[in-house]
Structures are given as structure tokens and as C-alpha cells.
Amino acid sequence: MRADVLSSSGSLGTLPESMHMNRRDTLRFSLGLTGLLAAAVPLGALAADLAPDVLVRQISSDVLDAIKADKSIKAGDISRIVALVDSKVMPSVDFRRMTASAVGPAWRQASPEQRQRLQDEFKVLLVRTYSGALAQVSDQSVVVKPLRSAPADEEVVVRTEIRGQGDPIQLDYRLQKTPGQGAGWKIYNLNVLGVWLVDTYRTQFAQEINARGLEGLIASLVERNQANAAGKGKA
């Protein structure tokens, strides 16, 4: 399996070979875990009432247990994994903010239709690119570090480590507190081994936008997602 990104040539490629295999696998696993963070916690008051570090700790533990117990996921059934991630991801991840940040300044020039298409295609890319890592869960555990924030803070970083075979892997989440309906803490960026996911995509997307414009970026995302869908099956 591979982690797909936009290459400097403007087409979708793979992560650099200089990254160790366990780093690539952890990157895929980390985002897959992020996509399932809402799986074990009901929507509404419970999620809204929990502190961000408590939320991450509780859900991470419950989600890992759920993945390990799912025979379809353990067998590498990508369609089952994708369906599970897609159905659970939206309550806990702010994809609109994540997409806007990844697209960068060009987001302001995008039409409402282009914004929706970018958000939809980016979500599909993230879900399909990283869902395969969920089949690799074995003895991993997540340790949440003490939260450094003030009670009035509306944006925080929750720092965690994934522990299993080998050295612990740094995995940090940026969360924002959202008001109104669906209130609570939502993830809008993810840091693996010191690299923020959205920042990485912003660099790649900027190269595509500079070369081919927003429509070119959308076309590349569509092409990659179609290729992923055509290759669906066992991980």
C-alpha cells in the first residue's frame, strides 16, 4: 500500500522513499484513526461536554478496540473500511476548514460550486488513501499527553503517542471548539512525526493550482479518486 499526494509535477504521486516504511504506515494509520474518532462517542451533549484531551483519549481507546474486533477490517476489506470511515468521519473532523487551509489563498477565489467539489474530492482522497492502514492495527495503543491550554481557549493541540512495536510515534491533533448545533471539539489538522498534514497538502496543491488552476486541482483529485475506486478490494 502507498500514501498518495500530489507530486511536484502536478500529478498524484507517492510519499518520498526517504520516509521509512513504519513512518508511511503510521501516517496512513493515524489519519485512518482520525477518520474514525466519532465511532465510539454519540453525537450531541457528550462530545460537547468533554475536554479535548479527554475526548481524544476516550475515543482513541474505544476506536482501536472496535477496529481490532472487526473481522472485515482485519481481512483488509477496503469497501467495508471506507464505508465505516466515511459514515463516521464528519462529526469529528472539520473538513471545510481542512480543505480551505489545504487549498490556501485560492480558496477565496473559488466559486461555491468549486469549494463544494474540492471539499468532496479531498474528503474522498483522504478516506481512501489512509483507510487501508486500519487493517494493520494489531497491538497499538494511544497515550494522550497532558493538555497545555487555558479554559477559555477555543483552539488547542492535543499531543499523543502511538505505542506498539518499535519507537513511539508522535501524533498530534489541532482542534477547535465549535458553537451552536453540533457543538464540541473538531479536528482540523493532524501532525505525524513533526509534519502537519494540511501544510503538506497545501504545498502540493499550490503547485497544481499554479500549473493548472483550481479546475486542474479538482481534475487531479477526481482522477486519483477514480483510480482508487477502480482498484478497490483487499488491502
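The values are calculated or read from the model by the stated rules, or taken from the named source; none is laboratory data. Please read these numbers as outputs of a predicted model, since none were measured by experiment. Positions of Cβ are backbone-derived with ideal geometry, glycine not excepted, and every protein chain shown enters the neighbour counts. Side chains are part of the model used for accessible areas, which takes the heavy atoms of the whole protein and leaves out ligands, DNA and RNA. Shrake-Rupley method; radii C 1.70, N 1.55, O 1.52, S 1.80 Å.
Looking at the structure I just gave you, is Gly194 open to solvent by less than 70 Å² (accessible area, probe 1.4 Å) and either touching a Phe, Trp or Tyr at 6+ places or on another chain (Cβ under 6 Å) or on the phi > 0 side of the Ramachandran plot (or both)?
Yes: the conditions hold for Gly194.
Please tell me if Glu208 is farther than 17 Å from Val124 by Cα, modelled with pLDDT of 85 or more, part of a helix (DSSP H, G or I) and more than 18 Å from the chain's Cα centre (by Cα).
yes
Residues of segment 115-125 being at pLDDT 95 or above and open to solvent by 30 Å² or more (accessible area, probe 1.4 Å), which ones?
Scanning segment 115-125 gives Arg115, Gln116, Arg117.
From the set of residues in segment 87-114 that are within 13 Å of the chain's Cα centre (by Cα) and among the small types (Gly, Ala, Ser), which is modelled with the lowest pLDDT?
Ser92
So in segment 197-215, with the set limited to residues that are of a type in the set (Asp, Glu) and surrounded by fewer than 17 Cβ atoms within 10 Å (Cβ to Cβ), which one is nearest to Val56 (Cα to Cα)?
Among those residues, the one meeting the criterion is Asp199.
Has segment 169-183 got any residue that is outside any loop (DSSP other than H, G, I, E, B), aliphatic (A, V, I, L, M), at pLDDT below 90 and over 23 Å from Pro112 (Cα atoms)?
The answer is yes, given that some residue of segment 169-183 is outside any loop (DSSP other than H, G, I, E, B), aliphatic (A, V, I, L, M), at pLDDT below 90 and over 23 Å from Pro112 (Cα atoms).
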